[in-house]
1. Kindly identify segment B:119-240 as rounded, prolate or oblate by the Cα gyration tensor criterion: order the square roots of the eigenvalues as a ≥ b ≥ c, call it rounded if a/c is under 1.5, otherwise compare a/b with b/c, prolate if a/b is larger, else oblate.
2. To the nearest 20 Debye, how big is the dipole of chain A about its Cα centre, given +1 on the beta carbon of each Lys and Arg and -1 on that of each Asp and Glu?
3. Among A:LYS78, A:LYS205, A:LYS259, determine the one that fluctuates most according to a GNM of chain A built with springs between C-alpha atoms less than 10 Å apart.
4. Please compute the net charge surrounding B:TYR230, taking Lys and Arg as +1 and Asp and Glu as -1 over other residues with Cβ under 14 Å from its Cβ.
5. Distance in nm between label sites at B:ASP38 and B:ASP161, each 7 Å beyond Cα in the beta-carbon direction?
6. Please give the net charge around B:ASP388, taking every other residue with its beta carbon less than 13 angstrom from that of B:ASP388, where Lys and Arg add +1 and Asp and Glu add -1.
7. Please name whichever of B:LEU109, B:THR219, B:LEU286 sits farthest to the positive end of the charge dipole of the protein assembly as shown, dipole taken about the Cα centre and charges placed at Cβ: Lys and Arg +1, Asp and Glu -1.
8. At a 10 angstrom cut-off on C-beta neighbours, averaged per residue, how do the peptides B:46-54, A:239-247 rank from highest to lowest?
Amino acid sequence: MSLAAESADGSLTVGGVRIDLIERGQRHSQARGGGGPLLFLHAENGIEPSREIIEELAKSAHVLAPTHPGFGRSELPKSMRSVDDLSYFYLDLLDQLDLTDVTVVGVSFGAWIAAEIAVKSTARLSRLVMANAVGVKVGDRETRDIADIFAVTDPDYLAMVYCDPAVGKRDYKALPDAEVLAAARAREATARFAWNPYFHNPRLKSRLHRIRIPTLFLWGTHDRMLSEAYGRAYCAMIPGARLETIERAGHFPHEEQPKIFVERVFAFCGKVEERVA
Amino acid sequence: MRVYQFSEQAYFPAWNEHSGSLRVIFPNQKCDPHVAADLFHRYYDEYQAADELGIDIMLNEHHATATCMSSTVVVGLAILARATKNARLLVLGYPIGHRPDPLRVAEELSTIDVISRGRLDMGFIKGIPYEVAASNQNPVYLMDRFWEAHDFVIKAMTTHDGPFNWEGEYFHYRQVNVWPRVWQQPHPPVWSTTGSPTQARILGERGYVMATLGTGFGTRKVYDAYRKSYLSKHGKAPGADRFAYLGLVAVANDREEARKRGELIAGYLRTSPIVYPPFRNPPGYLPPEDNARVLRGESPPRTYTKAGRVISMQNAPVDDLIDAGVLFCGTPDDVYAQIAAFCEHCGGMGNLLMMGQAGFLTHAQTIDNLSLFAREVYPRLKAYQQPDAEAVAAAA
């Protein structure tokens, strides 16, 4: 049974804003290890690079993977200007679909949204997975915690965010128009939400203590946009959260090590269930 | 026709010392302040000479670059408001979308207008892509900020009965009350720049003076977009005075000398695009549809000759730059004929923004360039009969 696909093309309208939503897996099939549905929040590079992980996750869970407003074909109301706004949009989405016991899995920019959702309300959430998450500033004002991805060439960017840059390389001349446009929209939307302050909300740090659900940080160790020290400092701000590293993966570990990523997510879900039991 | 002298006030002594970028990341250790001081004084002397020769003046600003030392254009305006007597002082432009505080902009420009006794032309611009790195304003919202800042400055200049309130998307004030009030009524003329027909239509509706820079024989379609929207909004055709064009000008008594000067002035074109690539197209500066084409490696050519031959502004030889209407160069007769022909192409163009100094062109060469232009070319341009505006607009 489908929750989301109000129309044949897999779109969903929340508060008048139409977004794309991928829904996979059985609604009542419990996530391996138990629990409700899994909400996957994609990174700043859009939904396309996450298609494989979504299918992998759906083998064991009911997965909902929205395309954020402003990305892909999803609409963007003029009033939506911050990750704070996006988090309220997703709180509305959770209400509208009446989802409970949700595991939120976010990567990078998606993890930032996840944290902004969770500091507001965890009423519908049971667990949080934050992969190579952005969203806070941990160093002093003259320390660049997060590398300036808009100040490097494309090859340098790929070398920065991937262990194997070939994974992220796209041949835009060969891709369909819609995918090229989606890449252009992803770049613009990322800037819209993350230009200044750069990939963080200065207010978020002092709110993270409100997240009182089990939280796992996954960290690709070859990330040169964010250091592992950044991840550990971020992790330490959320009560009880712990961090696991993923080798041979950079800023998007779900793209470079999808199987390991999925195993870690469900191992975490299982451990949580055991602990609760 | 009016003519404005323009120089980017370059720090050319460092031009050959860069390693891939003259902007944003070029360390200022390459700038000797003593050399910079001498250059500034020289450039202001040349602007004063333009004033004495009956030529108007244009100033601009760029940031973090050896191609243009004027990083705070209001300083140049302030110097020239006092040091010149007759010239119009055109700022083209003031990147108001980048400014944190448009009240300050309104105060600065009102003060310049008063000190110059009403000689300010107020050009508001979006700014080239590289400026985003310096201001760190979100490029996605740059044009929204631009228009809100514009609306605010105009209201601040035209409100005379005490404070007003402004709580917009980007700017918040509760007691706006600009002293001194502007000299020109209701406010100094507004100018802007564009290369896009879409933006030209917006400027046409507002009736602002529209300048294009280096658009050569692609200029007509931008002007015609302006004409159509001006005509439909105002019920009459825009006069030639609504259009401005930035062209490089090198004039000498013989063609060989003129071409030498042309090549030196073209140093501006040679150096201006030397920018580390990531800063050339910040996200959101162009619409996503345009950026999709950029990702595919499809960028439309910007400059071509009258015959439709595409040229590279950065590398083209002087003769190609002349053919493209980017450089007006030769004897006074040649230069007059080239500019008049260009005006015909444009369907009328009433403000020549003359880059009469750039790069390694010396002070003596600059003074000679300006003097010869003022004596031999300008009188003929003043007498030049622009194409019939109504007929041109009707056919646009």
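1. Taking the square roots of the gyration eigenvalues as a ≥ b ≥ c, segment B:119-240 is oblate.
2. 760 debye
3. Checking each option, the largest mean-square fluctuation is seen for A:LYS78.
4. That works out to +3.
5. Between B:ASP38 and B:ASP161, the label points sit 5.8 nm apart.
6. Local net charge: 0.
7. About the Cα centre, the residue reaching furthest to the positive side is B:LEU109.
8. Working: B:46-54: 20.1, A:239-247: 14.6.
Averaged packing, sorted descending, gives the order B:46-54, A:239-247.
Since every read-out is calculated from the coordinates, none of them should be taken as a lab result. Because the structure is predicted, anything quoted here is derived from the model rather than measured. Positions of Cβ are backbone-derived with ideal geometry, glycine not excepted, and every protein chain shown enters the neighbour counts.
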